[in-house]
1. Looking at (1) of a type outside the set (A, V, I, L, M, F, W, C); (2) within 30 Å of residue 12 (Cα to Cα); (3) more than 16 Å from the chain's Cα centre (by Cα), can you tell me which one residue 428 breaks?
2. Quick check on the range 570-579. Is at least one of its residues among the hydrophobic types (A, V, I, L, M, F, W, C), modelled with pLDDT of 95 or more and either in a loop (DSSP other than H, G, I, E, B) or under 28 Å from residue 249 (Cα atoms) (or both)?
3. Could you tell me whether residue 30 is surrounded by fewer than 16 Cβ atoms within 10 Å (Cβ to Cβ), of a type outside the set (D, E, K, R) and within 28 Å of the chain's Cα centre (by Cα)?
4. Quick check on residue 122: is it in a helix (DSSP H, G or I), in the same structural domain as residue 38 (by TED's automatic domain parsing) and more than 15 Å from residue 208 (Cα to Cα)?
5. Go through (1) free of Cβ contacts under 8 Å to residues at least 40 places away in the same chain; (2) in contact with a helix residue (DSSP H, G or I) (Cβ under 9 Å, 6 or more places away or on another chain) for residue 478 and report which single condition fails.
6. For the range 357-367, does any single residue satisfy the condition of being closer than 25 Å to residue 160 by Cβ, among the small types (Gly, Ala, Ser) and either more than 16 Å from the chain's Cα centre (by Cα) or not assigned by TED's automatic domain parsing to the domain that holds residue 156 (or both)?
7. Residues of the range 56-71 being among the hydrophobic types (A, V, I, L, M, F, W, C) and exposed (fewer than 15 other Cβ atoms within 10 Å of the Cβ), which ones?
Amino acid sequence: MSEFSDRVDIFLAEFFRLNPTFATAMGEHAYDDQWPDVSATGRIERTAFTDRWLGEFTLMTGLAPDDEIDRDLLVGELEAARYAETVLCEDAWNPLDWVYRVGDGLFTLQAREFAPLADRLASTAGRLERLPVLLDAARTRLVGHDGQPVGRFQTETALRQLAGVEALIADALAAAEAATPDDTAVVLVKDRLSTAGEGARLSLAAFEAHLRDVVLPISEGEGRLGRERFAEKMRHTMRSESLPPERILARAEREFTAVRAEMVRVARGLWPTWRPDDEAPTDEGALVRGVLDAIAARHPRADDLLDFCRAEHARIEAFCVDRELIGLTDEPLVVDWTPVFLRAFGGAMLTSPGPLERGQKAFFAITPMPDDWSEEQRESYLREDNDRMLRLLTIHEAVPGHFLQGVYANRCPSLVRSIFASGLFAEGWAVYVTQVMMDAGYGADDPALMLVHWKFYLRSTTNAIIDASIHCEGMTEDEAVALMVDGGFQEEAEARAKYDRARLSSTQLSTYFAGSMEMWEIEIEARRRAALASGDPRGAASIPEPHVVGDLGETPGFDYRTHLESVLAHGSPPTSLLRRILFD
């Protein structure tokens, strides 16, 4: 083992101690009953830790190539952590940050069977006993920061999502009650858990009252970062100097135009099949919308969404095996409803076990409709997630998307690359590989699927456009919804939910489009190198610049399975580092 590896082990041990809920998620369970110290003293300690290790890693030279990659990844992580802790300070103006923190800390103890139930319930009891201290610190902290007042919409959303934390406490108590009497270990912890749960509920009620009666009346912010702060956060999100907001936005707008033109072409051919009794309109937007409306009418019932995705997952895996597109896995995947505390974040998500776990479940979560939605809103939601859209969503979230990518990442020999995963890599991969599936012939017998695919891809471009426009240009809700509905052919319910998400998750929505463009550029470079290695320099020169519309066809020496598995074999590093791994 190298001296660098020894230092990384010491770094990780200290990092996990300071970030116990993150440690639990990664599979390090020494601190499962702890919360991070979020007091002023705790923040000072974490900042000192960050500065100390930044200094040490930055001065390391003469490293082996793999160690140099890991060193640079850690430097980027530490710089981002310092920015989040000392500059952005989102936990000072976004109450939802605290809901996520508490929810994650409880959910990760219950969701996977990494230890006997009694041990996990004892850890849950420990966190519940310490919850009042955490929430006391939250009340002190939630006063805004550096000209960024507490966000009103963020506060309103946090108040709605707090019920999800209450549900997690109830789930833990129910698990204890359901244990058999001869499970003495659970019986012994049950009284402690009950007492801790009652205290935690009282503390949550006090926190809710504080948000409602103290924070909400004086919350004046919208959560918009502004141009300078958004650009700074984007640099840390992307871990790249070559992906500033202006470049991402310009590329997204160009791609938006190209994909809409392709949708018009496809829709024109589909109109006679899907609207045989209607004359095709001359307006291109109406043409595409008319075909999509007919396709959207075919959707499962709300109660059948999970079963539909489970069945489609099996069909997608069979396709990948038949085409020998990529190696699959027998790791367990559970398709279920999104936990309540996470439902403000998105319509679907994938939660993978940490790299220190083995054989634990991943969750493909689908967010159900709010109970208070009208029938019109419910139908709009189901039309957006129609049969074909759900097929694409299952590729994106499960195979070969996030689930499979997470399995490969956890097998990476470098713990650094597995633990510190890049959202740009993960979201970019899921968007990119969906297009690869289409190019490989998935759904080739269903031309309507291709039109829905382009709509699904167009969503990633509009994500990037509204992300920058809301935070930098003051885009209003009506303007954002018009872009998504009229420009991106989305349903209104989906569009309004996405506008809300953009205000709650600055820069994250840009990772889908920017990451997919990075993945295409990496594929182009791999194709050029393969062509050169096969002795075909003219073929290498003829490969076009990255453009998602249009299959790239055959390239001498290039094999998709080899390429896809090589991309996934190195954890989930930022794409700037992935290029170095693959090509340097």
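1. Going through the list (1) of a type outside the set (A, V, I, L, M, F, W, C); (2) within 30 Å of residue 12 (Cα to Cα); (3) more than 16 Å from the chain's Cα centre (by Cα), residue 428 breaks only (3).
2. Within the range 570-579, one or more residues are among the hydrophobic types (A, V, I, L, M, F, W, C), modelled with pLDDT of 95 or more and either in a loop (DSSP other than H, G, I, E, B) or under 28 Å from residue 249 (Cα atoms) (or both).
3. Yes, satisfied.
4. Here the answer is yes, as residue 122 does meet what is asked.
5. Status for residue 478: all satisfied but (2).
6. Among the residues of the range 357-367, at least one is closer than 25 Å to residue 160 by Cβ, among the small types (Gly, Ala, Ser) and either more than 16 Å from the chain's Cα centre (by Cα) or not assigned by TED's automatic domain parsing to the domain that holds residue 156 (or both), which makes the answer yes.
7. Listed by number, the residues that qualify are 59, 64.
Residues are listed down the side, and each one gets a yes or a no for (1) in contact with a Lys or Arg (Cβ under 9 Å, 6 or more places away or on another chain); (2) closer than 24 Å to residue 412 by Cβ; (3) modelled with pLDDT under 95:
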{"site": "31", "(1), (2), (3)": "yes, yes, no"}
{"site": "34", "(1), (2), (3)": "yes, no, no"}
{"site": "45", "(1), (2), (3)": "no, no, no"}
{"site": "48", "(1), (2), (3)": "no, no, no"}
{"site": "51", "(1), (2), (3)": "yes, no, no"}
{"site": "73", "(1), (2), (3)": "yes, yes, no"}
{"site": "80", "(1), (2), (3)": "yes, yes, no"}
{"site": "83", "(1), (2), (3)": "yes, no, no"}
{"site": "109", "(1), (2), (3)": "yes, no, no"}
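The values are calculated or read from the model by the stated rules, or taken from the named source; none is laboratory data. Remember, predicted model here, so these are calculated numbers, not experimental data. No Cβ is skipped: glycine too gets one built from the backbone with ideal geometry, and neighbour counts run over all protein chains shown.
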